[in-house]
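Enquirer: The structure that follows is given in the form of structure tokens.
The values are calculated or read from the model by the stated rules, or taken from the named source; none is laboratory data. Fair warning: this is a prediction, and the values are worked out from it, not measured in the lab. Here Cβ is always computed from backbone atoms with ideal geometry, including for glycine, and neighbour counts include all displayed protein chains.
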Amino acid sequence: MLGALAVGQSEIHGLLEGDDVLCTARAVCALGAQVERVDDCQGRGALWRVQGVGVGGLAEPATTLDMGNAGTGVRLLMGMVATHPITCQFSGDESLNGRPMGRIAEPLSRMGARIIARDGCRLPLSVVGAANPLPMVYESPIPSAQVKSAVLLAGLNAPGETTVIEAAPTRDHSEHMLRHFGADVRAEPTGNGMAITLTGQPELVGQKVEVPGDPSSAAFLTAAALIVPGSTLTIRNVGVNPLRAGFYTCLREMGADIEFQDEREQGGEPIADIVVRAGHLKGIEVPRDRAPTMIDEYPILAVVAACAEGETVMRGLGELRVKESDRLAAMAEGLAACGVKLEAGEDYLIVEGCGGPPPGGGAISTRLDHRIAMAFLVFGAASAKPVTIDDGATMDTSFPGFASLLNSLGAKIA
């Protein structure tokens, strides 16, 4: 997206070629950017080149932008187009079309955009961009990196300064990347949280980007190595941004043998090689305020908790109910089907660990959710009886080749 808004060419190595990212690439092409993929560039994997149109230069797409399952993609793109005088229609798959977009629509409407959506502010919807966008100060009622990023992207083509105030820090990849492309972004503590301010109408310049390994994807491999006895695994070049590392903090509190080696910085992001060794784990109480740093990792943490000794208490999980599925309900239902004792409420999950391999044997409804699918395949690698999931196709959303990679490490996925 930032390559599309930059002047000149951006070169991206290490891009996660999941369906979400590919949908986003097609969308920015429809908005006027040029995107090219070059195979095996000098032995470093695929190179992606993006020829941008500059801030304010997006064109009105001729067709509906089909975002597949890309929830982050559609929310950030809504922000990006909201301050351009164009109209864009967005749609997605069954799962994405069921997800509410109201908390994105509300701040964008205050900046001058008009959102036309079906009941519950759900896709398919249209964004009629503002011809004369307004900067604003937006105090986010719920800490959300997606809302913050959408407002900042909208602020790029608005005059003056756009500020987002969040009560609790959320992942800051967007701020790092905006600075990398030349935007003026500053973060300052306030009396009621953190204020992130962007100066509008900059000239972004195309950049070279090395994308670190995704910590949410690495979490599934980390968990598998922890709960399958005798395992040792090294996962190289993983992003370990502190605002994304809550999962690893929890694992260490549970007694996990995890080491970050060769810690370094790449493109403004901290990265490391993660070394994981299986061992005995104990249940913990996860602080509610840790949720923003690991919201996508709660499903796989629940799997680890099922193998630990004692009780693991997870609170502040309301956000899980509006993900690709109601992940809180999906995990509770799946764990129970696999013989794990638990208690689930509106925003909490308490898992009674088995102190070793859980029973398993369940047939899991993934609800078209890639993280539910991957979490229960990892569960099956450790459980006494096999676990069956109803649909594995959605895993390509974020982790193409997940099943074959896990099999290469010793799993038996058919």
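Enquirer: Where in region 271-358 are the strands (runs of 3 or more DSSP E), entirely inside, with at least 3 residues that are modelled with pLDDT of 95 or more and closer than 15 Å to GLU253 by Cα?
Expert: Qualifying strands (runs of 3 or more DSSP E): 311-315.
Enquirer: Still on this structure, I have one more. How about region 84-112: which of its residues are over 23 Å from SER140 (Cα atoms), modelled with pLDDT of 95 or more and crowded, with 19+ Cβ neighbours inside 10 Å?
Expert: Passing the criteria: CYS88, PHE90, GLY92.
Enquirer: Let me ask you something else. When both residues are 6+ apart or on different chains and their Cβ atoms are under 7 Å apart, which pairs have a first residue that lies in region 114-129 and is on the phi > 0 side of the Ramachandran plot, and a second that is small (Gly, Ala, Ser) and outside any strand (DSSP E or B)?
Expert: So the pair list comes out as CYS121/GLY102; CYS121/ALA105.
Enquirer: Criterion first (in a loop (DSSP other than H, G, I, E, B), under 17 Å from LEU301 (Cβ atoms) and out of contact with any strand residue (DSSP E or B) (no Cβ under 7 Å at 6 or more places or on another chain)) does PRO400 satisfy it?
Expert: So PRO400 fails the test.
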